[in-house]
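A.B. asks: Okay, here's the structure, questions in a sec.
The values are calculated or read from the model by the stated rules, or taken from the named source; none is laboratory data. Just so it is clear, the structure is predicted and the values come from calculations on it, not from any experiment. So basically every Cβ, Gly included, is an ideal-geometry build from the backbone, and we count neighbours across all protein chains shown. Keep in mind that these areas ignore ligands, DNA and RNA; they rest on the heavy atoms of the full protein, side chains included. Shrake-Rupley method; radii C 1.70, N 1.55, O 1.52, S 1.80 Å.
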Amino acid sequence: MSKATKQRAAEAKRIVAQQKARERRRTVTLWTSVGVVAVLVIAGLIGWAVLAGQEKDTAGSVVVPPTATDDGTAFARGEGPVTIDIYEDFMCPICHEFEDSAGPTITKLVDEKKVTVNYHPISILDRASNGTEYSTRSAGAAAAAAAGGKFYEYHEVLFANQPEENSDGLDNAKLIELGQSVGLTDQAFADAVNNGTYQGWATDVTDKASAAGVTGTPTIKVNGTVLEDRTAAGLEKAVG
Amino acid sequence: MQPWISTAARVGLAVVWLVAGGLKIGDLAASGRAVNAYQIFPYDVAKVIGAAQPFLEIALGLLLLAGLAVRLVAGISAVVLVIFIAGIVSAWVRGLSIDCGCFSSGGQLGAGATPVYGWDIARDAGFLVLAGVLLVWPRTRMSVDSILMGDDK
């Protein structure tokens, strides 16, 4: 073989090798892409399935407190023509502030028979209690208090004893003790708190509030319209 | 020099996705509420997006960490980041007062808190740069791609 022929042969070999490498890259790219898309689709479906499972669990554990109003999502106070809906989380400091600043006005409006107040205890701040889910536990305890006919009193005492955000929250023993301080001395209340009887309900109410467009707490609605000016004066003006 | 820059971008973006997904996966209902707070989708749709999102983020993170189909995963990451940025811009423009829910469960901000949309967007844009590097130079060291392609020898 001449030198030139040898060179040509080597050249041809190199080209073939290059083509093979390119083909390999194409094949690898194709199949890894298919794999990636499959992984992402499956991941999304897993998320959906996990959520569906959780919702099914919640649905199975909903015990609606006997005294609940507004489709079983709230506890009413007063009997006036104007409806005020208050969505509150017992862990939410701004809800506490609202209660402190507008609470007396609300009581006055209730006493004057101008308003019916629907309190919706929802649990959107479970992440702020180190995994003890204080928002859900306290909302469930409030429902138990409502079953005992003491929602409003218990609601007041929960805010008065509000734990710091990102603490463990109040434990069940303390929730029961606070109940006793407002006259919830029966075993039924203590059992409902300890067994988390109404926690599924609290989760369900939170879900329904979100579906109704509530994206944070406190959300105050006056006759269905969200109150922008959440001061005592703003509330009074909206009620008219 | 180059394969190492891309390798760093790949691992960096992987960590971003893993952290973002990991912080949300424990409370899917809250993740759904965070999506709902943008007031773009009906709640039922927002719930499904919120539930799927953390799993998708973790999947993207694991795929990047493994280095599988890096260019495609970087491209998908870029598209997702652009969607996130668009969502934040839209919340900003509409004057919503929400936490972006990027690395948390999000939701509406309290009365005293001010949203930091500018920072959120800048941060997502930074992640977008990482994805861009990988789109242009997808070849990285210590990746499944490089083993399959026969690069690492």
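A.B. asks: Filter the range B:129-153 down to the residues that are without any contact (Cβ under 8 Å) to a residue 24 or more places away in the chain and of a type in the set (G, A, S) and list them by number.
C.D. replies: The one that is without any contact (Cβ under 8 Å) to a residue 24 or more places away in the chain and of a type in the set (G, A, S): B:G150.
A.B. asks: Across the range A:165-211, what is the total count of residues that are within 14 Å of chain B (Cβ to nearest Cβ) and in contact with a helix residue (DSSP H, G or I) (Cβ under 9 Å, 6 or more places away or on another chain)?
C.D. replies: 12
A.B. asks: Which condition does B:I40 not pass, out of (1) more than 30 Å from B:V136 (Cα to Cα); (2) part of a loop (DSSP other than H, G, I, E, B); (3) more than 12 Å from chain A (Cβ to nearest Cβ), if it passes all the others?
C.D. replies: Looking at each condition in turn, B:I40 falls short on (3).
A.B. asks: If you don't mind, there's one more thing I want to ask. Restricting to the range B:43-52, and then to whatever is more than 7 Å from every other protein chain (Cβ to nearest Cβ) and within 15 Å of the chain's Cα centre (by Cα), can you tell me which residue is most open to solvent (accessible area, probe 1.4 Å)?
C.D. replies: Restricting to residues being more than 7 Å from every other protein chain (Cβ to nearest Cβ) and within 15 Å of the chain's Cα centre (by Cα), the top hit is B:I49.
Residue by residue, here is whether (1) in contact (Cβ under 8 Å) with a residue 24 or more places away in the chain; (2) open to solvent by less than 20 Å² (accessible area, probe 1.4 Å); (3) touching a strand residue (DSSP E or B) at 6+ places or on another chain (Cβ under 9 Å) holds:
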residue	(1), (2), (3)
A:T132	yes, no, no
A:G149	yes, no, no
A:E153	yes, no, no
A:V157	yes, no, no
A:N195	no, no, no
A:T219	yes, yes, yes
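A.B. asks: Working only within the range A:47-75, note down all residues that are more than 21 Å from the chain's Cα centre (by Cα) and either of a type in the set (V, I, T) or modelled with pLDDT of 95 or more (or both).
C.D. replies: Once the filter is applied, which keeps residues that are more than 21 Å from the chain's Cα centre (by Cα) and either of a type in the set (V, I, T) or modelled with pLDDT of 95 or more (or both), the range A:47-75 yields only A:T67.
A.B. asks: Identify all residues within the range A:197-212 that are open to solvent by less than 10 Å² (accessible area, probe 1.4 Å) and among the β-branched types (V, I, T); write none if there are none.
C.D. replies: Within the range A:197-212, A:V205, A:T206 qualify.
A.B. asks: Evaluate the range A:79-86: report whether one residue or more is surrounded by 23 or more Cβ atoms within 10 Å (Cβ to Cβ), touching a Ser or Thr at 6+ places or on another chain (Cβ under 9 Å) and of a type in the set (D, E).
C.D. replies: Looking through the range A:79-86, at least one residue is surrounded by 23 or more Cβ atoms within 10 Å (Cβ to Cβ), touching a Ser or Thr at 6+ places or on another chain (Cβ under 9 Å) and of a type in the set (D, E).
A.B. asks: Can you tell which of B:G32, B:G87, B:G67, B:G126 is open to solvent by less than 40 Å² (accessible area, probe 1.4 Å) and touching a residue at least 60 places away in the same chain (Cβ under 8 Å)?
C.D. replies: Among B:G32, B:G87, B:G67, B:G126, only B:G67 is open to solvent by less than 40 Å² (accessible area, probe 1.4 Å) and touching a residue at least 60 places away in the same chain (Cβ under 8 Å).
A.B. asks: Of all residues in the range A:25-59, which are within 7 Å of another protein chain (Cβ to nearest Cβ) and within 30 Å of A:G196 (Cα to Cα)?
C.D. replies: Selection gives A:I46, A:G47, A:W48, A:V50, A:L51, A:Q54.
A.B. asks: Hey, could you check the range B:105-146 for residues that are among the polar types (S, T, N, Q) and closer than 23 Å to B:V11 by Cβ and say which is modelled with the lowest pLDDT?
C.D. replies: B:S146
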